[in-house]
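The values are calculated or read from the model by the stated rules, or taken from the named source; none is laboratory data. Values in this document were obtained by computation on a predicted structure and should not be read as measured data. Methodologically, a virtual Cβ is constructed for each residue, glycine included, from the backbone with ideal geometry; neighbour enumeration extends over all protein chains shown. Ligands, DNA and RNA are stripped out before the accessible areas are found, and what is left, the full protein with its side chains, is counted by its heavy atoms. Shrake-Rupley method; radii C 1.70, N 1.55, O 1.52, S 1.80 Å.
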Amino acid sequence: MKQAFRKNIFRTIKKSMGRYMAIFAIIALGVGFFSGLKASKPSMLYTAQDYLRERQMFDYRLISTWGFDQEEVEAIRALDGVAEAEGAVWEDFLYPDESGREICFKALSITESVNTLTLLSGRLPQADNECVLDGYRYSEDMIGTEITIGENNSSETRDAFVHDSYTVVGLVRSPLYMNMERGTTTIGNGKVEGFIFLPLSGFDYEYYKEVYVKTPLEALAFTEEYQDSIEDGAQELEDGSAAIADIRYNRELADAREEIADAREELADGEQELADAKKELEEKTGDARKELADAREELERGEQELADAQKILDDGKRELTAREQELADGESALVDGEAQYQAGLTDYENGRSQYEAGYSQYQAGLAEYEKNLAQYQAFLAMLGGNTAGYEEQLAATEASLEQAKEQLDATGALLSATKNELDQGKAALDASRGQLDASRAQMEEGRRQIEAARKELATGQREIDDNQKKIADGWKEYEDGCSELEEEVADAEAEIADAEEELADGRQELADAEEELADVEEPELYVLDRNTNVGYACYENDISIVEGVAKIFPVFFFLIAALVCSTTMTRMVDDERTQIGTLRALGYTQGAILAKYAIYSGSAAGLGAIVGYLAGVRSFTTSIWTAYNMLYGFSELIIVDNIWLLLISLLVALICSVGTTYAACRLELKHAPAELIRPKAPPAGKRILLERVTLLWKHLKFLHKVSARNVFRFKKRMIMMILGISGCTALVVTGFGVKDSVTNIVNVQYDEILQYDLSATYSKELTFDILEEIKEEFGSEIETAASVMETSAEAPFEGGSKSVTLLVSDPQAALGDPVTDSINFHQEKDGSAVELPGDGEILIDNRLAGELSLEVGDTITLKVGDQEKPPLTVAGIFENYVYFYAYVNSATYEEYFGEAYEPKTLYLSLQKEADPYRISSYLSDMKDAAGVNVIADMRIRVQNIMQSMNFIIALVIGSAAALAFIVLFNLGNINISERVREIATLKVLGFYPRESGAYVFRESMVLSVMGIVVGLPLGVLLHTFVMSQLKVDMVSFHVQILPLSYVYSVVAVIGFTVCVDLIMRRKIERIDMAESLKSIE
Amino acid sequence: MAFIEFSHVNKIYQSGDVKIHALKDASFEVGQGEICVIVGQSGAGKTTLLNILGGMDTLTDGRIFLDGVEVSAFRKKQLANYRRNDIGFVFQFYNLIPNLTALENVEIASQLCKDPLPPVEVLSGVGLHERMQNFPAQLSGGEQQRVAIARALAKNPKLLLCDEPTGALDYQTGKAILKLLQDASRHSGMTVIIITHNSALTAMADRIIRVKSGTIDEVILNEKIVPVEEIEW
Ligand SMILES: Nc1ncnc2c1ncn2[C@@H]1O[C@H](COP(=O)(O)OP(=O)(O)O)[C@@H](O)[C@H]1O
Ligand SMILES: [Mg+2]
């Protein structure tokens, strides 16, 4: 290339930077958009692939009705095509959270070699009472709190855990849960709210519930290769592991049989033993009884003997007593005699002393007498017989002496008599003394005898007492013996009874065991692959939204880019017509000239493509990932650069630019150089069709006529303009339409379909009391209350399965109001009501019908757990957008699902003014309340998902708007530059800027209106297509465009046009009349 | 005061670092109803002069009066009004609006001003009565220039400015056009300024202004005015 030529190109670029930038920008935008959208899915896919590889996501998940033991896990690991196998346990449980609400959690065992956890914060469990918590749903605040296995859990559930509560030590992500779905469960309200992972030792388990298997497969997740290999390998794995499971089955079967045989033998032994024992008992008791009887007899004999002895002894005693009495009598007589004797003696002594005294007195008296006599005689003597004068005194003295002599003589006689009496008394006394002494001796003898007899008797008594005691002991012994025997017998009998019972039990057990053995089912084994994991299965599906968008929009973009390139380059070639002619005249070849423009547009497009690719891939993917992060936040996005994408983008960019350039140049180059040098004749004016309608034409304002004619003058520009505007309109309509389809479902769902405001689930079946209580509490605030049973089921279809919320109610509505008061089952199309189904029939929602391609009259087979239920006939299809719903009546449920109809959920519709949260808190506090959902909350949750959708759409629409703007701007620019002379002329003629602007503006307005007219139906089509490409698992959309959206779209597009025109007006104003009119270059 | 008065007009074009002094201290006068011919070599500054006078361009320095009003003091809006009501332009390349018929091209101008002449009459006056409904593309160069003149005349302007009206025409046609301009001036007393690089045409003018590299070389009042038909070049 010659230097001058190169300079020429550079100068051209510099001179027409706007034009160059237009090509650059439109291509950059188109490529950025295309490659950004195209790269989003691969990048997100690769992010997931990388994550799953790093986290060792399982390839197969084995479930067996028999569970697995360690040996089996080892055996599975040793199978061909298995790189790693690890047993795992899980358990769903009710967890009363901080607010006291009881929610369902899933506890899983931490696996080492598969499904490894990503630690978000905290640490992994070290003790078996520690756990890590669902990091998607819970924040760091939860670290340190306790996850309690609630009291309302069944005993089986509680038994499955070693501890009653587990301390949260960290937050994790698990490849098992790539998205926010936590699945369904049979407990509580059937919805799992979160997961915890515990060490295996935190579970009390006998068998692993499942085995996760990793294959040595290198293929990346989501690839066809992976899917095919996994599908191919499944059968082999199933056979292999079934064979392994059969080993235990057969062994346990044989063991059981042997055990039964053993048991039977044991039973027979036991029976024999029992018989023996009975016999032995009988014998033993017989002997013992006889011995006891003998003992009794002997005792009785001994007693008799003793009684006899006692009697003799008693006789002896009595005699002794008599003798003693006698002795006593004798003694007392003796004592009396003695006393008598003593008294006699005393009397005698007294008499004697009296006698003595009397005697002495007598003596004295005698002496005195004699003295008195002697004296008398002496006196007489003296007187010798002179007795005269003395005769009387002597006669008195002689008389006194005579008296005293007489007294003395009487006394002497008395004394002699008394002496006699006394001597007699003394003799009597002496005789009685002898008598008394004799009887005393006798008495002494008697006493001695009695003493001896008493001693004898005492000995006898002692002997008897001893014997009595012996006999008493004997009796006691006997009694003891008796009771002992009774006891022993009773014990033995009880033992026998026990043994008999045991035997009976044994017999029953044996029978049971036999029955069981007969009933034992072979282990049923299921090999599940990743597609049964909700997160995995949904992921590809969900990220395909972008792909859906990536399908049509980029084409649109490239078409428009091509259009822009084409018009721009055509314009450029037109502009440089004379230069081309000159160059040709100077001897440049057609190729060289072509090369100039090709290089011009090609370099702009090439640069645009590269910049667009780099920027698009990065910005689009990251912003889309941000939107997805709300649903799938498992790791940082890995941006995957795809050289092919870049090459394709480059190629398309070059086709758009160089191709259109070539087309534009070729036309011009066909002309001879001389022709080119001359200015190109502007397109000739022509009458338009409208003018034929003279009546109308005549009434048009002059300038309007001009505009009308101008519109059709530049055919190419008109077409471009209409295409651009209609494209823009279509995009905007689609954008608003997507918004309508997306946002309105929230309203339709929660205003039109679900009529209730609160749903309260109880842990027990609902009763009238509960209803009464609520009605009493809130009375008029509650409009209707329907009792239903909410349960979960799986609806399998080819290539996956959908979790369905199965609603069951009693069509008679025995409890509360009919379910139709709470849920408005109606058809999507015309809103007509869908009748409740009969027995054996089911209502499904339009989403499920769509997924499973079902129509009214078809049958559907639902699964609960791993169990397939009998098919049901679809009786109707009702409108629903969020989750999947199906409805059967209670009779159908009981008959086809084989479980009792237990309505536990209450749907409450409230008055407008009622505060659902106040009622909700009351309901939560009620006894047996398991969970209360406020529909307003649900609404927000769904709205959030919609918002992430809206984000992608906004991104697309934003880009589309930018594109539309470039197009409009470019076309406007070209329009003006093509008509500079015309506009300059008008200005010279004295048009005000406003007028000259309007002159052009009116045209673009007309074109815009035409574009809008074309664009609206195009938008409807595009919207339909885009909506068909948008899919989210949880919700589907109500494909519709609200009338107001058309209005908005039209206003927006006109706004765009006005906006571009405003910019163009300034350009018009800047047109230099003097310059423009000088000459035609 | 003369009808048109240029006093010390300077025009400097500044493109980048390069300054082009297109008019240097240009001063002259033109009387009302005169036909003034401006001659000079290509690049002398004729068009610049005319454009400034016609309100299509602004001057750098100096003052211009038309009919006692200072045109050089006009703002944008006033300039537009000025062009609209006082000026008629005839260009070398006609500058007809291709999408409008001959009549419409006249109408678009006549609609703008306060007291326009009837377009049909004007067109008839320039001899295009038969071709009124034709589009420019259907007309010859001369005919197009006639339409352009009709467009300028229909506005009934105070001043008719013609920048090399015959430049793109053959001799005969050019002559006819000039005749038309001369007649228009003579009949309606309109002041007409014609630019040409053909000195022969100066014979038809009342006043001849010679421009030479931006300066007014000389201003000659033509004593002996020759009708266009008699001029030969
Ligand atoms: N817009 C412009 N920018 C720069 N220079 C210009 C411009 N218009 C005219 N000129 C210069 O001013 C001078 C006078 O030009 P012009 O009035 O067109 O000459 P004429 O009409 O007499 O041939 C020339 O040298 C020309 O190059
Ligand atoms: Mg000139």
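Checking each residue in region A:839-848 for being open to solvent by 10 Å² or more (accessible area, probe 1.4 Å) and under 13 Å from A:A886 (Cβ atoms) picks out A:E841, A:N846, A:R847.
Of the numbered criteria (1) surrounded by fewer than 17 Cβ atoms within 10 Å (Cβ to Cβ); (2) within 16 Å of ligand 2 (Cβ to nearest atom), the one B:E223 fails is (2). If you go through region A:897-920 one residue at a time, do you hit one that is closer than 20 Å to A:K775 by Cβ, assigned to a helix (DSSP H, G or I), open to solvent by 40 Å² or more (accessible area, probe 1.4 Å) and touching a residue at least 12 places away in the same chain (Cβ under 8 Å)? Checked region A:897-920: at least one residue is closer than 20 Å to A:K775 by Cβ, assigned to a helix (DSSP H, G or I), open to solvent by 40 Å² or more (accessible area, probe 1.4 Å) and touching a residue at least 12 places away in the same chain (Cβ under 8 Å). Does region A:327-344 contain at least one residue that is closer than 30 Å to A:E463 by Cα, without any contact (Cβ under 8 Å) to a residue 24 or more places away in the chain and surrounded by 10 or more Cβ atoms within 10 Å (Cβ to Cβ)? Within region A:327-344 (the criterion being closer than 30 Å to A:E463 by Cα, without any contact (Cβ under 8 Å) to a residue 24 or more places away in the chain and surrounded by 10 or more Cβ atoms within 10 Å (Cβ to Cβ)), the answer is yes, since at least one residue qualifies.
Conditions (1) closer than 22 Å to B:I4 by Cβ; (2) open to solvent by less than 40 Å² (accessible area, probe 1.4 Å); (3) touching a strand residue (DSSP E or B) at 6+ places or on another chain (Cβ under 7 Å); (4) more than 13 Å from every other protein chain (Cβ to nearest Cβ), marked per residue:
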| residue | (1), (2), (3), (4) |
| --- | --- |
| B:L128 | no, yes, no, yes |
| B:G142 | no, yes, no, yes |
| B:V147 | no, yes, no, no |
| B:L161 | yes, yes, yes, no |
| B:Q182 | yes, yes, yes, yes |
| B:T202 | yes, yes, yes, yes |
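The residue that is most open to solvent (accessible area, probe 1.4 Å), counting only those in region B:2-39 that are in contact with a Phe, Trp or Tyr (Cβ under 6 Å, 6 or more places away or on another chain) and within 16 Å of ligand 2 (Cβ to nearest atom), is B:I20. In region B:42-68, the residues that are free of Cβ contacts under 8 Å to residues at least 24 places away in the same chain never reach a residue that is within 8 Å of ligand 2 (Cβ to nearest atom) and of a type in the set (A, V, I, L, M) with C-beta atoms less than 6 angstrom apart, at least six apart or across chains. Filter region A:736-761 for residues that are part of a strand (DSSP E or B) and over 26 Å from A:Y907 (Cβ atoms) and give the result. Once the filter is applied, which keeps residues that are part of a strand (DSSP E or B) and over 26 Å from A:Y907 (Cβ atoms), region A:736-761 yields nothing. If you go through region A:617-637 and pick out every residue that is of a type in the set (A, V, I, L, M) and surrounded by fewer than 16 Cβ atoms within 10 Å (Cβ to Cβ), you end up with 1. Inspection of region A:420-428 finds a residue satisfying the criterion of being open to solvent by less than 90 Å² (accessible area, probe 1.4 Å), within 30 Å of A:Y369 (Cα to Cα) and part of a helix (DSSP H, G or I). Evaluate region A:860-880: report whether one residue or more is open to solvent by 60 Å² or more (accessible area, probe 1.4 Å) and of a type in the set (D, E). Taking every residue of region A:860-880 in turn, at least one turns out to be open to solvent by 60 Å² or more (accessible area, probe 1.4 Å) and of a type in the set (D, E). Checking each residue in region B:83-108 for being open to solvent by less than 10 Å² (accessible area, probe 1.4 Å) and more than 8 Å from chain A (Cβ to nearest Cβ) picks out B:G88, B:V90, B:A102, B:N105, B:V106.
Examine region B:202-212 for a residue that is within 16 Å of ligand 2 (Cβ to nearest atom) and over 17 Å from the mean Cα position of the chain (by Cα), and state whether such a residue exists. Yes - at least one qualifying residue is present in region B:202-212.
Only one of the listed residues (B:L79, B:L53) is in the same structural domain as B:T215 (by TED's automatic domain parsing), more than 16 Å from ligand 2 (Cβ to nearest atom) and among the aliphatic types (A, V, I, L, M). That residue is B:L79.
Of the listed requirements (1) away from ligand 2 (no atom under 16 Å from the Cβ); (2) open to solvent by 40 Å² or more (accessible area, probe 1.4 Å), B:S42 misses just one: (1). If the condition is being in a strand (DSSP E or B) and either surrounded by 15 or more Cβ atoms within 10 Å (Cβ to Cβ) or within 12 Å of another protein chain (Cβ to nearest Cβ) (or both), then region B:45-82 contributes B:G62, B:R63, B:I64, B:F65, B:L66. Of the helices (runs of 4 or more DSSP H) lying entirely inside region A:969-1081, those containing at least 2 residues that are at pLDDT 85 or above and more than 14 Å from chain B (Cβ to nearest Cβ) are A:993-1029, A:1043-1070. The lone criterion from (1) of a type outside the set (D, E, K, R); (2) farther than 29 Å from B:D183 by Cβ; (3) within 13 Å of ligand 1 (Cβ to nearest atom); (4) part of a strand (DSSP E or B) left unmet by B:S7 is number (3).
Taking the conditions (1) open to solvent by 10 Å² or more (accessible area, probe 1.4 Å); (2) within 26 Å of A:E899 (Cβ to Cβ) in turn, A:Y762 satisfies each one other than (1).
Going by the structure shown, is A:G857 out of contact with any strand residue (DSSP E or B) (no Cβ under 9 Å at 6 or more places or on another chain), of a type outside the set (A, V, I, L, M), more than 29 Å from A:E772 (Cα to Cα) and open to solvent by 20 Å² or more (accessible area, probe 1.4 Å)? When the stated conditions are applied, A:G857 does not pass them.
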